[in-house]
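Written below as structure tokens is the structure these notes are about.
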Amino acid sequence: MGDTPQTARLEIADQQEDLPFVGSTAGNSGVAVTSLLKDTGYVTVDPGFMNTASCSSDITFIDGDKGILRYRGYPIEQLAEHSSYLEVAYLLIHGHLPTAAEFDAFSSRISRHMLLQEDFRGLLAQMPRSAHPMAVLGAAIQTMTAFYPESIDPMNPAAVELAAGLLLAKMPTIISAIYRRASGYAMLYPKKGEGYIENFARMTFARPGEDPDLPPALIKAIDTLLILHADHEQNCSTSTVRIVGSAHANLYASIAAGVAALSGPLHGGANEAVLNMLAEIRDSGRDVKTFMKRVKNKEPGVRLMGFGHRVYKNYDPRAAIVKAHAHELLDALGVKDELLDIAMEVEGIALADDYFISRKLYPNVDFYTGIIYRAMGFPSSMFTPMFAFGRLPGWIAQWREMMADPQTKIARPRQIYVGPTARDYVPIEDR
Ligand code: ACO
């Protein structure tokens, strides 16, 4: 490739503009266009930010062509095998793997704060049981602004540290409470001395009058799925968190906005959509071929959910990890699921079909995660809240990085105006 040039020259009308390069340690470098409007009167146009880096970041690296994902340099495969969700949260937020003492302090602080105040529980209990869990989750996180005002100043590092800890501590309790309310069971309390994931699993799955059955495979699977979702650089919800935070909205408000973005079926909502799609195929008498024809004919509203990704043009490494463990986990939980067989059949057909090959469409993380959450006993409406639970440390880390970056400005894109030019107001009787 030779030496990286220092500038890129853009010729625009009769002007020449030298645009500085922005270097990277891995992956694509950039060309800064910040001065283009001031110097030339032109803006760049990039719907969906297909070609726009909104920031420099040292948190997560993705090579979409090679199917590589690393948090702070560590490959996702190693973290999924050897680390834990809380350790990954520390890594993402603080930038290094914790020492034993650092981890102890971090996890004990989180354990201490897992309890929800009665008034907060009361608020969750006022939500309609039929509400979508993502609606309740977004509201609950925004509500933390009201309950913990001492932690909302975005310019106060101690307040931000507290907010990050409270979010990580309350999230499992909130999600289990949402699930139990929707299922008609009483909300449970966290137990002192019980592990973070164990607490979550017990608060979620314990049935009245029964000893909870929480096999180690279940605890490990929850932990692994949360690790896989923990960050994914500048995706839609993370960019939302950064954009809202760039206005100096507090961490809770920014993350509540991220939850809203994640609820969309083209983003975090895809795992729920995958299950609905697989169930539809099963109910049609497992007619996979007809379904695939409808996808390829681009019938309105018909996409192969869980396939395709803006960045991965190869197998999503997270999907590979989930797929590799899917059968083993279902066996450990004693669950047989026809939908897993249908998913594998769909994947096999897609990966051999020119429509998908030519567009580089591969399974993404959502393709198999729903099947695992279902095997654990979650209804499909809980899949996206579990994604949000996993993504929380990434949102926190990205928000903090954005706030600490001296280059950060309030996010405020430009537009190309294509509406009417100036015209005079017409009184209503003359229209
Ligand atoms: N099924 C069928 N065709 C698809 C799919 C799919 N899942 N995804 C993309 N395509 C086709 C498009 O129709 C388009 O075809 P064309 O070139 O003939 O017009 C081409 O592939 C490129 O697709 P775009 O929509 O332009 O790709 P984009 O990067 O904008 O979208 C996205 C990425 C939203 C993830 C898309 O692949 C999709 O809708 N997938 C299904 C939903 C999904 O699984 N989302 C989860 C994403 S991962 C996550 O958020 C955790």
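The values are calculated or read from the model by the stated rules, or taken from the named source; none is laboratory data. Just so it is clear, the structure is predicted and the values come from calculations on it, not from any experiment. Ideal geometry is used to build each Cβ from the backbone, glycine not excepted, and the neighbour counts take in all protein chains shown. Remember, those area values only see protein heavy atoms, side chains included, never the ligands or the DNA or RNA. Shrake-Rupley method; radii C 1.70, N 1.55, O 1.52, S 1.80 Å.
You will find that of Gly245, Gly258, the residue that is within 24 Å of the chain's Cα centre (by Cα), within 14 Å of the ligand (Cβ to nearest atom) and under 30 Å from Ile68 (Cα atoms) is Gly258 and no other. Take Glu87 and tell me if it is free of Cβ contacts under 8 Å to residues at least 24 places away in the same chain and either aliphatic (A, V, I, L, M) or over 22 Å from Ala388 (Cα atoms) (or both). Answer is no for this residue. Within the stretch 334-343, not a single residue is modelled with pLDDT of 95 or more, farther than 30 Å from Met203 by Cβ and of a type outside the set (Lys, Arg).
Counting residues in the stretch 294-304 that are among the charged types (D, E, K, R), without any contact (Cβ under 8 Å) to a residue 12 or more places away in the chain and farther than 26 Å from Asp65 by Cα gives one or more.
Tallying residues that are part of a loop (DSSP other than H, G, I, E, B) and closer than 12 Å to Asp316 by Cβ within the stretch 66-87 yields 2. Give all pairs with beta carbons closer than 6 Å in which a residue from the stretch 366-384 that is open to solvent by 10 Å² or more (accessible area, probe 1.4 Å) meets a residue that is within 14 Å of the ligand (Cβ to nearest atom) and of a type in the set (Asp, Glu); count only pairs at least 6 apart in sequence or on separate chains. Hits for this filter: Ser380/Glu272. Entry remark, the stretch 373-414: residues being farther than 20 Å from Val136 by Cα, of a type outside the set (S, T, N, Q) and within 16 Å of the ligand (Cβ to nearest atom) number 1 in total.
Where in the stretch 265-372 are there helices (runs of 4 or more DSSP H), lying wholly inside it, with at least 1 residues that are more than 15 Å from the ligand (Cβ to nearest atom) and in contact with a strand residue (DSSP E or B) (Cβ under 6 Å, 6 or more places away or on another chain)? Ranges flagged: none.
Exactly one residue out of Glu81, Glu77, Glu11, Glu102 is open to solvent by 40 Å² or more (accessible area, probe 1.4 Å), free of Cβ contacts under 8 Å to residues at least 24 places away in the same chain and under 21 Å from the mean Cα position of the chain (by Cα): that is Glu81. For the stretch 243-272, the tally of residues that are on the phi > 0 side of the Ramachandran plot and buried (at least 22 other Cβ atoms within 10 Å of the Cβ) stands at 0.
Selection of the stretch 215-242 for residues being surrounded by fewer than 16 Cβ atoms within 10 Å (Cβ to Cβ) and not in a helix (DSSP H, G or I) yields only Pro215.
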